[in-house]
Amino acid sequence: MQSDKQQRRVLAVHDISCVGRCSLTVALPILSVAGIETAIIPTSILSTHTGGFEGFTFRDLTNDILPIVDHWQTLSLKFDSIYTGYLGSIKQLDIITTLFNRLKQRDTLIFVDPVMGDHGKLYTNFAADFPHKMACFCQSADIIKPNMTEAFLMLDEPYQEGPYTKAYIESLVKRLAKLGPKLVVLTGVYLIGNEQQIGVAAYEQRSDNIIYRFADRIAGVYHGTGDIFASTLLAALLNHKPLVEAITIAIAFTVSSIKRTKAAASDVRYGVNFEAGLSDLGLLLQEKK
Ligand code: PXL
């Protein structure tokens, strides 16, 4: 185990959407403010994210990934975590499985956010067999963080709108855990009898325990919030916050970013204003016990 004085180092493997506050432009500042050194591999460069803009550019960087890893292997770099998000093609899933095998050490936490859809639909640009391949990719993960759409897609089950029963959510998270990860953090969960709230069900394989955390639902579609939640959750876990506290912090940071954006009536395609909350998040995540 590493001493607490040693700075954590994460490798974040996501696209760069140049405008629109998601993926790397969200992961980097959040991990950095938590005091974590963040190396990156951009998987592609887009002029904007793909949700709500016409005519975006897309430069695929698949062929750059393994040469970067080749170079890093000459440097004996150690990563406390490898964190993947939006991956633009099936070929990238295979290449990043190779990357895991080459860069992962005994203590490296593999955190996979299986970004591929929302609101019952696969995002533009993804082939129909991508979800099946993503489900196989999750075998390599310690933690996965699907939303409800991604959960249905990976389990090859037709999308169902909530509210859901607890029994149904339990069956989903347990089946997702069978894909391989030790911890499943499912977002977008809302339950019969508590429809005005939405949140997270987290299932830990080892303890066979599910915890739920909710916040009041805010109407509207806010881009990049899955990336904000995932990056904050990972940052909190790497800073030794217990799971329930890490989830609570990640929900609170995501919700406050949404509320700030809603209050400003900004164009939601450009993501949410998480920047105004970053310094407080840094204090919270770096507080010494
Ligand atoms: O926030 C997820 C995300 C990341 N990257 C790209 C996207 C999306 C969601 O639409 O299009 C390119």
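The values are calculated or read from the model by the stated rules, or taken from the named source; none is laboratory data. The shown structure was predicted, so the numbers you read here are calculated from the model rather than taken from an experiment. A quick note on method: Cβ atoms are made from the backbone with ideal geometry, for glycine too, and the neighbour counts reach across all protein chains shown.
For PRO181, which of the numbered conditions (1) closer than 21 Å to ALA252 by Cα; (2) touching a residue at least 60 places away in the same chain (Cβ under 8 Å) fails to hold?
It fails just one condition, (1).
Considering only region 1-28, how many residues are over 20 Å from ILE82 (Cβ atoms) and in a loop (DSSP other than H, G, I, E, B)?
Number satisfying all stated conditions: 5.
Looking at PHE130, PHE100 in this structure, which one is under 23 Å from LYS178 (Cβ atoms) and within 16 Å of the ligand (Cβ to nearest atom)?
Testing whether each residue is under 23 Å from LYS178 (Cβ atoms) and within 16 Å of the ligand (Cβ to nearest atom) leaves just PHE130.
Hey, SER47 hits all of (1) out of contact with any helix residue (DSSP H, G or I) (no Cβ under 8 Å at 6 or more places or on another chain); (2) in a helix (DSSP H, G or I) but one; which does it fall short on?
Of everything listed in (1) out of contact with any helix residue (DSSP H, G or I) (no Cβ under 8 Å at 6 or more places or on another chain); (2) in a helix (DSSP H, G or I), SER47 misses just condition (2).
Restricting to region 254-281, what's the tally of residues that are outside any helix (DSSP H, G or I) and free of Cβ contacts under 8 Å to residues at least 12 places away in the same chain?
4
Restricting attention to region 51-91, which residues are at pLDDT 95 or above, under 15 Å from VAL115 (Cα atoms) and not hydrophobic (A, V, I, L, M, F, W, C)?
Result: TYR83, THR84, GLY85, TYR86.
Within the set of pairs 6 or more residues apart or between chains, which connect a residue that is farther than 21 Å from THR48 by Cβ inside region 113-132 to a residue that is within 10 Å of the ligand (Cβ to nearest atom) with Cβ atoms less than 7 Å apart?
Final answer for the pair search is PRO131/MET116.
Just checking, how many residues over region 239-289 are farther than 20 Å from ASP216 by Cα and aromatic (Phe, Trp, Tyr)?
Going through region 239-289 one residue at a time, the tally reaches 1.
Kindly indicate which of ALA246, ALA250, ALA235 is under 17 Å from the mean Cα position of the chain (by Cα), more than 28 Å from TYR168 (Cβ to Cβ) and buried (at least 20 other Cβ atoms within 10 Å of the Cβ).
That would be ALA235, the only listed residue that is under 17 Å from the mean Cα position of the chain (by Cα), more than 28 Å from TYR168 (Cβ to Cβ) and buried (at least 20 other Cβ atoms within 10 Å of the Cβ).
On the basis of being under 26 Å from LEU278 (Cα atoms), within 15 Å of the ligand (Cβ to nearest atom), under 17 Å from the mean Cα position of the chain (by Cα) and charged (D, E, K, R), does ASP80 make the cut?
no
Might you check whether a residue that is charged (D, E, K, R) and assigned to a loop (DSSP other than H, G, I, E, B) occurs anywhere in region 29-41?
No - not one qualifying residue is present in region 29-41.
Specify which of the listed residues (SER23, SER32) is within 9 Å of the ligand (Cβ to nearest atom) and among the polar types (S, T, N, Q).
SER23
Would you point out which residue out of THR57, THR43, THR62, THR74 is among the polar types (S, T, N, Q) and away from the ligand (no atom under 16 Å from the Cβ)?
So the residue among THR57, THR43, THR62, THR74 that is among the polar types (S, T, N, Q) and away from the ligand (no atom under 16 Å from the Cβ) is THR74.
Taking region 6-30 as the search range and keeping residues that are buried (at least 24 other Cβ atoms within 10 Å of the Cβ) and among the hydroxyl-bearing types (Ser, Thr, Tyr), which one is farthest from the chain's Cα centre (by Cα)?
The qualifying residue farthest from the chain's Cα centre (by Cα) is SER17.
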